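Step one of this worksheet: look at the structure below.
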Amino acid sequence: MTTTYDAALRPVGLRVTQFAILRLLQRLGPTPLTRLAAEAALERTTMGRNLDPLERRGLVRIAPGAADARERVVVLTEAGGEAIAAATPYWRDAQARINARVEPAAVAALADALTSVS
């Protein structure tokens, strides 16, 4: 399924993991890196590696925390919001194609299984 989403998002230059991180930031607002990793069920170092290309493209900004300069806070930039808007129709199209091929009960079972693992 990841391949399907990655192929669908290729025109906007995002991978599905990057799109998911951007949408998570859109929902959470400025978020400490540690919390963002926890929300995404990723290790902090893995999240950092995923953020590097997003930061290079100007889609996110990583700044020192207000209360503790050692803390890193991840902020969705305006360009990041625009990337989400551009990618969403492609993601929805991929989602519809997957939903047409996979039984809804199987999707629900997979989501339950993944939730119990994390």
Any chance the range 42-63 includes a residue that's farther than 20 Å from T2 by Cβ, within 12 Å of the chain's Cα centre (by Cα) and surrounded by 11 or more Cβ atoms within 10 Å (Cβ to Cβ)?
-> yes
Kindly list, by first and then second residue, each pair from a residue in the range 84-109 that is under 11 Å from M1 (Cβ atoms) to a residue that is open to solvent by 90 Å² or more (accessible area, probe 1.4 Å), limited to pairs with Cβ atoms under 7 Å and residues at least 6 apart or on different chains.
-> I98/M1
Identity of the residue in the range 5-41, farther than 21 Å from A111 by Cβ and of a type in the set (G, A, S), that ends up farthest from the chain's Cα centre (by Cα) | A7
Restricting to helices (runs of 4 or more DSSP H) lying wholly in the range 8-64: which have 2 or more residues that are under 15 Å from T88 (Cα atoms) and touching a His at 6+ places or on another chain (Cβ under 7 Å)?
-> none
Under 8 Å between Cβ atoms, at least 6 apart or on separate chains: pull out the pairs that start in the range 49-70 with a residue that is more than 15 Å from A37 (Cα to Cα) and end on any residue that is of a type in the set (S, T, N, Q) and loosely packed, with under 12 Cβ neighbours inside 10 Å.
-> none
The lone exception for A8 - which of (1) out of contact with any Ser or Thr (no Cβ under 6 Å at 6 or more places or on another chain); (2) open to solvent by 90 Å² or more (accessible area, probe 1.4 Å) it fails | (2)
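Of these, L110, L76, which one is surrounded by 14 or more Cβ atoms within 10 Å (Cβ to Cβ) and within 23 Å of L14 (Cβ to Cβ)?
Working: L110 fails: surrounded by 14 or more Cβ atoms within 10 Å (Cβ to Cβ).
Selected residue: L76, the only one of L110, L76 that is surrounded by 14 or more Cβ atoms within 10 Å (Cβ to Cβ) and within 23 Å of L14 (Cβ to Cβ).
Anything in the range 14-41 that is touching a residue at least 60 places away in the same chain (Cβ under 8 Å) and surrounded by 14 or more Cβ atoms within 10 Å (Cβ to Cβ)? List them, or say none.
Of all residues in the range 14-41, those touching a residue at least 60 places away in the same chain (Cβ under 8 Å) come to 14, 16, 19, 22-23, 41.
Those that are touching a residue at least 60 places away in the same chain (Cβ under 8 Å) and surrounded by 14 or more Cβ atoms within 10 Å (Cβ to Cβ): L14, V16, F19, L22, R23.
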Some residue of the range 72-81 being without any contact (Cβ under 8 Å) to a residue 24 or more places away in the chain, assigned to a helix (DSSP H, G or I) and either touching a strand residue (DSSP E or B) at 6+ places or on another chain (Cβ under 6 Å) or under 20 Å from T3 (Cβ atoms) (or both) | no
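The values are calculated or read from the model by the stated rules, or taken from the named source; none is laboratory data. Predicted model, so just to flag it, every value in this text is computed and none were measured. With ideal geometry, Cβ positions are generated from the backbone for all residues, glycine too; neighbour counts draw on all protein chains shown. Keep in mind that these areas ignore ligands, DNA and RNA; they rest on the heavy atoms of the full protein, side chains included. Shrake-Rupley method; radii C 1.70, N 1.55, O 1.52, S 1.80 Å.
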